[in-house]
Amino acid sequence: RNFGMSWPIGRSADRIEVALASRDRWLELAAAGALEATRSGSIHLAVDELEEQVMREFAGTELGRRLDATWVDRDEVRNLSPAVGSAVIGGLHSDAEVAVDATNAIASLTRWLESEHCVEFVFGNQVVAVEPGVVRCIDGSEHRAERIVACIGAETGGPFGEVFKQPGMRRSKLQ
């Protein structure tokens with residue numbers, strides 16, 4: 001879900017710091033060999049003068065400059081993306097976006113975290129209890145650690161219903 005593209009230009013101004021930090025983290029992980037990610041950029045296409053005016057104005061704003069957004073003419077748009085149709089008069093190009101190889105990212109990141117940071121992943125088992133320093137599973141196994149991260153998806157019940165009420169706990173979701 002929403003995995004594979006870090007798209008800072010699509011975020012609201014009040015969330016841009018988070019979006020840029022997220023983008024930078026994907027690039028750091030790629031540089032460390034944890035996964036594949038490349039700067040892909042993006043182009044927002046204009047087909048009339050009003051769209052061009054809005055895009056040029058945005059490129060001139062502080063936010064536009066932070067996102068490396070620039071107005072590019074029709075020829076440059078076609079150089080960047082040859083599939084663009086003839087009705088396009090130009091576009092807003094941003095270098096801020098990053099594409100992550102979503103088909104391999106989770107497996108690659110898992111292997112990297114295991115080998116580089118001694119992280120233990122447990123798949124295919126159901127957690128029935130979480131206590132400080134220990135996770136208990138339905139099959140009777142116990143997993144001990146200083147730090148425990150449970151990736152539970154949308155589940156709000158089970159052993160986590162009470163866990164999320166504890167101080168310092170928070171749910172996170174995709175941007």
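The values are calculated or read from the model by the stated rules, or taken from the named source; none is laboratory data. Since this is a predicted model, take the numbers as computed values, not measurements. Quick reminder, even Gly has a Cβ in these numbers, built from the backbone with ideal geometry, and neighbours come from all protein chains shown. SASA here: full protein model, heavy atoms, side chains in, ligands and nucleic acids out. Shrake-Rupley method; radii C 1.70, N 1.55, O 1.52, S 1.80 Å.
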Seminar exercise, completed: Connecting every pair of Cα atoms under 10 Å apart in the chain and solving the GNM, the largest mean-square fluctuation among THR70, THR61, THR38 falls on THR61
For this session: Percent of Cα-Cα pairs per 10 Å bin, from 0 to the last occupied bin, for the chain, please list those.
Result: 8, 26, 27, 19, 12, 7, 1
Exercise. Once the piece of chain linking SER81 and GLU49 is laid out straight, how much longer is it, given 0.36 nm per residue of separation minus the C-alpha distance between them?
Worked result: 9.5 nm
Exercise. From the phi of every residue in region 20-35, what ³J(HN,Hα) in whole Hz does the Karplus formula 6.51 cos²θ - 1.76 cosθ + 1.60 yield, where θ is phi - 60° and glycine or proline is x?
Worked result: 5, 5, 5, 4, 4, 5, 4, 5, 5, 5, 5, 5, 7, x, 6, 6
Exercise. Based on the alpha-carbon gyration tensor of region 12-113 and its eigenvalue square roots a ≥ b ≥ c, which shape applies: rounded if a/c is under 1.5, prolate if not and a/b is larger than b/c, or oblate?
Worked result: oblate
Exercise. So what is the relative contact order of the chain, in percent, for Cα pairs below 8 Å that sit 6 or more residues apart?
Worked result: 22 percent
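If you count, for each residue, the other Cβ atoms within 10 Å and average over each peptide, how do 128-136, 18-26, 91-99 line up from highest to lowest?
Details: 128-136: 13.4, 18-26: 15.8, 91-99: 21.0.
Averaged packing, sorted descending, gives the order 91-99, 18-26, 128-136.
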Seminar exercise, completed: Given 4 °C, 1.567 mPa s and a Kirkwood radius over Cα pairs, the Stokes-Einstein diffusion coefficient of region 1-43 in µm²/s is 117 µm²/s
Exercise. How large is the accessible surface per residue of the chain, computed with a 1.4 Å probe and reported in Å² as a whole number?
Worked result: 67 Å²
For this session: Express the carbon and sulfur contribution to the solvent-accessible surface of the chain as a percent, rounded to the nearest whole number, probe 1.4 angstrom.
Result: 52 percent
Problem set entry | region 93-133: Cα Rg divided by the 2.2 N^0.38 Å rule of thumb | 1.75
For this session: Just report the Cα centroid separation between region 20-38 and region 73-97, whole Å.
Result: 26 Å
Problem set entry | Charge dipole magnitude, Cβ of K and R +1, D and E -1 - region 1-127, Cα centre, debye nearest 20 | 260 debye
Exercise. For VAL122 and ARG65, what does the FRET efficiency come to when R0 = 45 Å and r is the distance between their Cβ atoms, rounded to the nearest 0.05?
Worked result: 0.50
